[in-house]
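Everything below concerns the one structure shown next.
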Amino acid sequence: MYFGLFTFGLFPLLLQLFMYRYFFTALIFMISSLKEVQAQAEISFLVSFSEPQAHYADVEIQLSGNKKDFVDFKMPVWAPGSYLVREFAKNVEGFYAKDATDRSLAVQKINKNTWRVSAGGKETIKVAYRVYAYELSVRTSFIDDSHAFLSPTGIFMYAGGLISHPATVTIKPYGTWKKISTGLTPVKGKENTFYAPDFDILYDSPFEVGNQDVFDFEAAGVKHEVAMYGGGNYDKTRLAADMAKLVEEETAIFKENPNKHYVFIVHNTQSGGGGLEHLNSTVLGAPRLSYASETGYKNFLGLVAHEYFHLWNVKRLRPAALGPFDYDNENYTPDLWVAEGFTAYYDNMMLRRAGFYSPEKYLEALCDDIEKVENQAGSKIQPVSEASFDAWIKYYRPNENSKNSTISYYNKGALLGMILDLEILNATKGQKGLDDVMSGMYDEYYKHQKRGYTSEEFKSMAEKVSGISLDDFYRNYVYGIAPLNYNLHLGHAGLNLVNDNAGKNTSSLGITTVVKEDRFLVGSVIRGGAAWTDGLNVNDEIIAVDGYRVTGATDALRTTDLDKLIAERKAGDRVNVLISRDGLVISREVTLKASETGKYRIEADKNASLEQLALRKKWLKL
């Protein structure tokens with residue numbers, strides 16, 4: 001019999017089956033063991049501030065239910081929503097670990113953001129470390145004796161293998177600090193303690209601790225908390241009413257608001273700005289005295305509209321690469337032009353729909369994006385999909401040549417949102433628009449499939465809603481660098497884009513300038529311009545042009561003496577530019593070229609058809 005088994009190959013087959021059975025049994029055992037460890041483990045944080053004036057947070061972690069010989073504690077290297085590796089571990093110091101009896105445990109740092117604790121199977125591990133926090137931005141932590149802003153990815157470490165495990169955070173406010181603002185759920189019966197169902201939620205929930213000015217409003221059935229730090233000339237009653245209008249307009253697109261509680265953390269500083277989205281909160285920066293001016297106030301509302309729209313677009317409806325996150329490495333996607341760019345399209349559109357912008361003012365805002373794209377030489381070099389993918393190494397790390405080689409996925413993405421909206425409206429005779437694509441994607445991929453989408457899936461949904469092929473749109477505008485045909489797309493609404501600088505033939509040196517330490521320097525050189533061709537460099541100090549001394553001083557119109565000298569020449573004229581480069585005085589002959597900088601406006605076509613007027617009315621909510 002046994003010879004027969006060998007002869008017909010049955011023995012190897014039986015052996016293979018046995019090995020498979022053994023492997024799967026072992027795998028099931030490992031998974032069960034991991035679940036058991038996770039089920040038994042408890043993770044809690046305590047954050048205090050023994051020296052806030054020196055900008056430190058004191059962090060303690062207690063991990064209970066451990067069964068492993070060693071545990072790796074890891075600090076994320078980046079903050080989701082801000083696509084740059086920021087190396088938060090650089091701010092950590094004084095890391096140590098103990099067991100339940102306060103006996104020290106050996107610690108070894110095994111890479112830039114990982115501390116390995118030799119636990120020896122000890123059930124309880126207590127870890128402590130300090131974090132230096134003195135960079136006030138929407139994505140980094142800041143602590144002084146007036147308040148603490150905790151950006152979670154730079155404060156809280158996670159234990160290897162337990163990132164999906166729940167945790168509690170207890171905050172011990174310093175001195176007279178009395179308020180804590182966060183999107184996390186308070187733990188009943190425990191003062192200043194909050195619950196996170198997993199570390200993705202914890203890392204998506206910043207804290208403002210201090211004596212911030214807090215006010216509330218309700219919109220779309222959701223309670224909204226606004227926590228203002230830094231003072232300012234804001235009117236709480238007006239802000240609450242106007243922010244509520246934006247919430248209602250944005251909720252109407254997606255037909256539901258998935259939160260029960262939402263927090264706006266606002267840092268009012270001398271010249272603040274920026275925003276960062278979170279699952280049920282956002283952090284905003286604003287100049288504290290900007291609220292009284294109409295421009296400053298509308299700018300703030302635009303920031304609110306942008307970050308709140310992310311509640312759906314990015315935080316829930318998201319590219320596949322943006323969650324679950326790898327906190328150790330870059331998370332690449334070619335679709336930031338949708339995630340951020342479409343959000344930038346909708347922020348101004350929301351101000352229009354809520355009545356804060358007139359149709360004319362909205363079109364002016366649209367022209368701002370057009371000018372930023374058309375006047376940047378990089379728009380002819382970098383496709384917007386590539387700009388999205390390379391955000392990690394280019395967008396957040398600009399240099400003197402970035403405007404010549406890159407394009408913003410915010411600005412160009414916003415324009416592609418406009419174009420796609422108009423194309424869908426035109427194809428469906430005003431029955432559907434980009435709103436329907438966004439809500440359809442939200443329903444299908446966030447609510448139904450519970451996952452992120454691919455580039456192809458977004459394109460497919462847009463084609464389904466519009467009923468037309470978008471092959472050319474993607475080939476030319478997304479993956480290519482074809483010029484945007486504004487008048488073709490705006491023409492659907494009986495509108496025309498006009499360049500007021502066309503045909504002027506204004507002479508240009510092809511540079512921007514800066515004054516630094518009383519030196520008049522070349523700040524950037526524009527690709528293809530006169531300086532680019534004839535060899536002026538960034539950081540060259542401009543001393544004279546055609547024998548006339550230039551200083552960089554400006555008049556009431558912010559015109560420099562260099563501007564005046566160049567304005568007197570014509571394109572094609574040669575000028576002698578005397579510069580100092582690295583301490584050497586050099587003379588350069590430069591042939592002036594015509595400026596290619598555009599100044600744009602959108603005007604109505606007097607001969608627009610009834611169909612075009614109807615589409616314009618639908619698009620601009622006239």
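No value in this document is a laboratory result; all are computed from the given coordinates. Here the structure is a predicted model, which is why all the values come from computation and not from measurement. Cβ coordinates were reconstructed from backbone atoms using ideal geometry, including for glycine residues, and neighbour counts include every protein chain displayed.
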Completion exercise
HN-Hα couplings for the range 74-82 via Karplus (6.51, -1.76, 1.60; θ = phi - 60°), in whole Hz with x for Gly/Pro, come out as 10, 9, x, 9, 8, 10, x, x, 10
Problem - Between 0 and 90°, nearest 10: helix 359-374 axis offset from the chain longest Cα axis - result: 90
Practice task
Return the loop-located GluC sites (Glu not before Pro) in the range 39-115 (DSSP other than H, G, I, E, B) with at most 14 other Cβ atoms within 10 Å of their own Cβ; answer none if there are none.
Solution key: Glu87
Problem - Straight-distance crosslink candidates among aspartates and glutamates, where the alpha carbon sits under 12 Å from Lys245 and sequence neighbours closer than 8 are dropped - result: Glu218
Completion exercise
Sparse-neighbourhood loop hits (trypsin sites (Lys or Arg not before Pro), the range 281-331; DSSP loop; Cβ within 10 Å at most 10 others) -> none
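Please go through the residue pairs Lys190/Lys223; Lys67/Lys109; Lys236/Lys412; Lys412/Lys621; Lys236/Lys298; Lys90/Lys394 and name each one whose alpha carbons sit more than 25 Å apart in this structure.
Numbers: Lys190/Lys223 22 Å; Lys67/Lys109 21 Å; Lys236/Lys412 34 Å; Lys412/Lys621 23 Å; Lys236/Lys298 15 Å; Lys90/Lys394 22 Å.
With Cα atoms farther than 25 Å apart: Lys236/Lys412.
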Fill in the blank from the handout: Helix 409-427: inclination vs the chain longest Cα principal axis, degrees, rounded to 10, gives 80
Practice task
Sort out for me the Cα centre separation of the range 238-294 from the range 476-551, rounded to whole Å.
Solution key: 35
Handout entry: Prolate/oblate/rounded call for the range 507-594, Cα gyration tensor, a/c under 1.5 rounded
Key = rounded
Handout entry: Derived scalar couplings ³J(HN,Hα) [the range 297-308; Karplus, 6.51 cos²θ - 1.76 cosθ + 1.60; whole Hz; x for Gly, Pro]
Key = 5, 5, 4, 5, 4, x, 5, 4, 4, 5, 5, 6
Problem - Inter-site label distance for Asp582 and Ala54 at 7 Å from Cα along Cβ, in nm - result: 4.4
Problem - Fraction of beta bridges assigned by DSSP in the range 146-291 that are antiparallel (%, nearest 5) - result: 65
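List the trypsin sites (Lys or Arg not before Pro) in the range 516-598 that DSSP assigns to loop (not H, G, I, E or B) and whose Cβ has at most 15 other Cβ atoms within 10 Å. Which are they?
Working: sites: Lys516, Arg519, Arg527, Arg549, Arg558, Lys564, Arg569, Lys570, Arg574, Arg581, Arg588, Lys593; in loops: Arg527, Arg558, Arg569, Lys570.
Passing sites in the range 516-598 are Arg558, Lys570.
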Problem - Neighbourhood charge, 11 Å Cβ-Cβ cut-off, centred on Ile407 and excluding it, Lys, Arg +1 and Asp, Glu -1 - result: +2
Fill in the blank from the handout: Tilt, helix 341-353 to longest principal axis of the chain (alpha-carbon atoms), in degrees rounded to tens, equals 70
Completion exercise
In whole angstrom, the spacing between the Cα centers of the range 364-400 and the range 302-338 equals 18
Practice task
Enumerate the residues in the range 481-503 having an amide nitrogen under 11 Å from the point lying 7 Å beyond the Cα of Ala571 toward its Cβ.
Solution key: 502-503
